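K.L.:
Input: one structure, supplied below.
Readers should treat all values here as calculations from the given coordinates under stated rules, not as data from a laboratory. Note that the structure is a prediction, hence the values are computed from the model and not measured. Note that we place each Cβ from the backbone using ideal geometry, even for glycine, and neighbour counts take in every protein chain shown.
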Amino acid sequence: MTGQVLDLASTVSPGRAAAPAQQRVSPSINVDRITVSYANGVPAIRDVSFTLGASTICALVGVNGSGKSTLFKTLMGFLTPLMGEVRIAGRPVDKALKRGLVAYVPQSEEVDWNFPVLVGDVVMMGRYGHMNFLRIPGKADRMAVDAALERVGMSEFRKSQIGELSGGQKKRVFLARALAQGSEIILLDEPFTGVDVKTESAIMDLLRSLRDDGRLMLVSTHNLGSIPDFCDQVVIINKTVLAYGPTETTFTEANLAEAFGGVLRHVHLGGAELHADADRRRVTVLTDDERPLVLYGERDHEKLVKPDRGETD
Amino acid sequence: MIDLLFEPFGYNYMTKAIWVSALVGAVCAFLSCYLILKGWALMGDALAHSVVPGVALAYMLALPYAIGAFAAGFVAALGITGLRRITRLREDAVIGLVFTTLFAVGLLIVSINPTSVNVQSIILGNILAISDEDVTQVVIIAAASLAILGFRWKDLMLTFFDESHARTVGLDPWRMYIMFFVLLSACAVAALQTVGAVLVVAMVVTPGATAYLLTDRFGVMIWLAMTIGAVTSALGAYVSYFLDGATGGLIVVFQTLVFLAAFVFAPKHGRLAARRAGRKTAEATP
Ligand SMILES: Nc1ncnc2c1ncn2[C@@H]1O[C@H](COP(=O)(O)OP(=O)(O)OP(=O)(O)O)[C@@H](O)[C@H]1O
Ligand SMILES: [Mg+2]
């Protein structure tokens, strides 16, 4: 089972393979100085700007209530910015959504797991944008669904009701739906919560292969430790963008400390305590959630320690 | 004996009552599948009650009652969803607020104009005495609703299941909900004739709830619910000939009986199946 999961990344992307005629649009997300507020009028995010292009996995990090989900809702057109503008692949949000350029992998809490749909039905929903208005699946649609299920290792669960799956399996079903959809841009809200380490690294492999395929992914996560593993860009927010850019230069202790303040569990194993010599290097462990972020080196010159998998670049 | 069983079909008004009821039962059942999954069961009740002032006004102005009912139902649906959006009140509070207000206004209008309308027939239904004109109205509403649902049921399902995803395939959830509420108001109006405002809620809840116990697939659920809705409604109208009782009451009692049967005997989600499965696991792990 897990063995199957681990080589997900090898096959071609099913959604697109099934629709070769479709012209590829170069993915991009352009957020320009947006301020977004809910009905109560208080801005949830202020003056947020960043730009992302093709072949990117971007992490979106911040404390609870920093506005990650708000940003997603804005990208999905549920909220309209009071000020500023969002453009997706050069188009206004609604146009981009109409063209099926964006796929969304929801947080588990957003899904009604008692809904009477089977795993196969859910993945087929990814194909609706490719079908005529009666939504009758054709051969290409069925093939895309098969391939997507195969790729996330969920083929044998095709006939299960979605509520009968484990947390990690549920995540994979919705990932498969995004694959079947074949969109150039994929938004993932907390894809790693409730997922074991094996499935987590399988999902990361999958995202990496999608990146190599030219797609753009925006991933919100509290799992700081795995970010250097698979993300090449980071947006750190707390109501507004605190820092954004390549992981190497942006994902630093200083920036994270600013974003998380006292929230982060913060463990220094400092030079003198750690070794009895003049070596001033120290280990810093930052953790928000499951996987800790480990930094090592002299103060303010600490480098990321990439756990076992160092070959992200 | 056999003659007695066929007797109702000898009367024009009875055959009409039977098939009109079946049609209305089927459409309401279709909608019930969506309502119960969204936890909006009471919305059906609210709409049916809210329709009363519209009917009363329509009678007063000598308009076809369906137009008044429909307008009122639509105002209620918009009021409920709109209030829900802009206040932080919970759905049930908003529903309670809107529908009691409209129902009260309806009763007020009727009491000021006592001759304008037979409230009894709105609140309790009176399918056996339905006029040809009303039959036409009901049939048009039901047929149009069935046609729209037939074309858009998958899009509605997608919207009800996952709004965000619905957006990514180019649907506008807000528009889909409005369409749904238009259909629901229309069918509540149609159901007024058969079971009356008080029991409409059963028509738009029970068949869906029953079908939900019987399957894990939405498409199958719709077919099951429609069958249950149509058969129980026809049966209710038929039996009311012999019992000389309220058709609405009979229909809803039959629906409840089917529900209870499913609740106990459903192959996967019934009580017996659950107990059997429990016993099996207990045996497997001594
Ligand atoms: N429906 C809402 N109405 C009003 N304010 C809201 C609503 N949803 C969120 N907020 C506010 O917007 C801000 C950002 O919330 P958001 O849900 O975007 O945070 P988040 O970064 O996704 O947090 P988490 O890590 O907990 O998921 C918070 O201050 C929150 O109080
Ligand atoms: Mg969130």
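K.L.:
Mind checking the full-extension length gain between A:Glu110 and A:Asp196? Use 0.36 nm per residue of separation minus the Cα-Cα distance, one decimal, nm. Please report the intermediate quantities before stating the final value.
P.N.:
Working: separation 86, 0.36 × 86 = 30.96 nm, distance 2.02 nm.
Residue separation times 0.36 nm, minus the Cα-Cα distance, leaves 28.9 nm.
K.L.:
Describe numerically, in nm with one decimal, the distance between label points set 7 Å from Cα along Cα→Cβ at B:Phe242 and at A:Thr35.
P.N.:
7.3
K.L.:
Give the peptides A:127-135, B:32-40 in descending order of average Cβ contacts within 10 Å, highest first.
P.N.:
Values: A:127-135: 17.3, B:32-40: 21.7.
Answer by packing, highest mean first, reads B:32-40, A:127-135.
K.L.:
Just how many % of Cα pairs in the protein assembly as shown lie over 30 Å apart, if you round to the nearest whole percent? Working shown, then result.
P.N.:
Working: 108460 of 179101 pairs.
Everything past 30 Å amounts to 61 percent.
K.L.:
Divide by every residue of chain B the summed helix terms, -39500 (n - 2.57) for each DSSP H run of at least 4, and state the resulting mean residue ellipticity at 222 nm, rounded to the nearest 500 deg cm²/dmol. Please report the intermediate quantities before stating the final value.
P.N.:
Values: 14 runs with 233 residues, N = 286.
Computed ellipticity for chain B at 222 nm equals -27000 deg cm²/dmol.
K.L.:
Still on this structure: In what sequence, highest mean first, do A:138-151, B:217-230, B:4-17 appear when ranked by Cβ atoms within 10 angstrom? Present the calculation step by step, with values, prior to reporting the outcome.
P.N.:
Details: A:138-151: 20.1, B:217-230: 21.6, B:4-17: 13.4.
The peptides rank, most packed first, as B:217-230, A:138-151, B:4-17.
K.L.:
Return the sequence-ordered ³J(HN,Hα) values of segment B:14-29 in whole Hz as given by the Karplus equation 6.51 cos²θ - 1.76 cosθ + 1.60 applied to θ = phi - 60°, using x for Gly and Pro.
P.N.:
The phi angles translate into 6, 4, 4, 4, 5, 6, 5, 4, 4, 4, 4, x, 5, 5, 4, 5 Hz.
K.L.:
Taking amide H positions as placed 1.01 Å from N in the peptide plane, with prolines and chain starts having none, which residues 5 or more places from A:Tyr104, or on another chain, fall under 5 Å of its amide H?
P.N.:
Counting only residues 5 or more places away or on other chains, the set is A:Leu187.
K.L.:
If R0 is 25 Å, what FRET efficiency do you get for B:Arg271 and B:Lys38 from their C-beta distance, rounded to 0.05? The partial results should precede the final answer.
P.N.:
Working: r = 25 Å, r/R0 = 1.00.
E between B:Arg271 and B:Lys38, to the nearest 0.05, is 0.50.
K.L.:
I'd like the FRET efficiency for A:Ser49 and A:Glu164, computed as 1/(1 + (r/R0)^6) with the beta carbon distance as r and R0 of 45 Å, rounded to 0.05. Working shown, then result.
P.N.:
Details: r = 43 Å, r/R0 = 0.96.
The pair A:Ser49/A:Glu164 has a calculated efficiency of 0.55.
K.L.:
Let me ask something else about it. With each pseudo-label sitting 7 Å past Cα toward Cβ, what's the A:Leu82-B:Arg90 distance in nm, one decimal?
P.N.:
Simple spin-label model gives 3.0 nm for this pair.
K.L.:
Using Cα centres only, tell me the gap between segment B:46-121 and segment A:144-176 in whole Å.
P.N.:
Their Cα centres are 45 Å away from one another.
K.L.:
Using a/c under 1.5 as the rounded threshold, could you call segment B:2-284 rounded, prolate or oblate? The axes a ≥ b ≥ c are square roots of the C-alpha gyration tensor eigenvalues, and prolate needs a/b larger than b/c, oblate otherwise. Walk me through the intermediate numbers first.
P.N.:
Working: a/c = 1.83, a/b = 1.14, b/c = 1.60.
Oblate is the answer for segment B:2-284, as a/c is 1.5 or above yet b/c matches or exceeds a/b.
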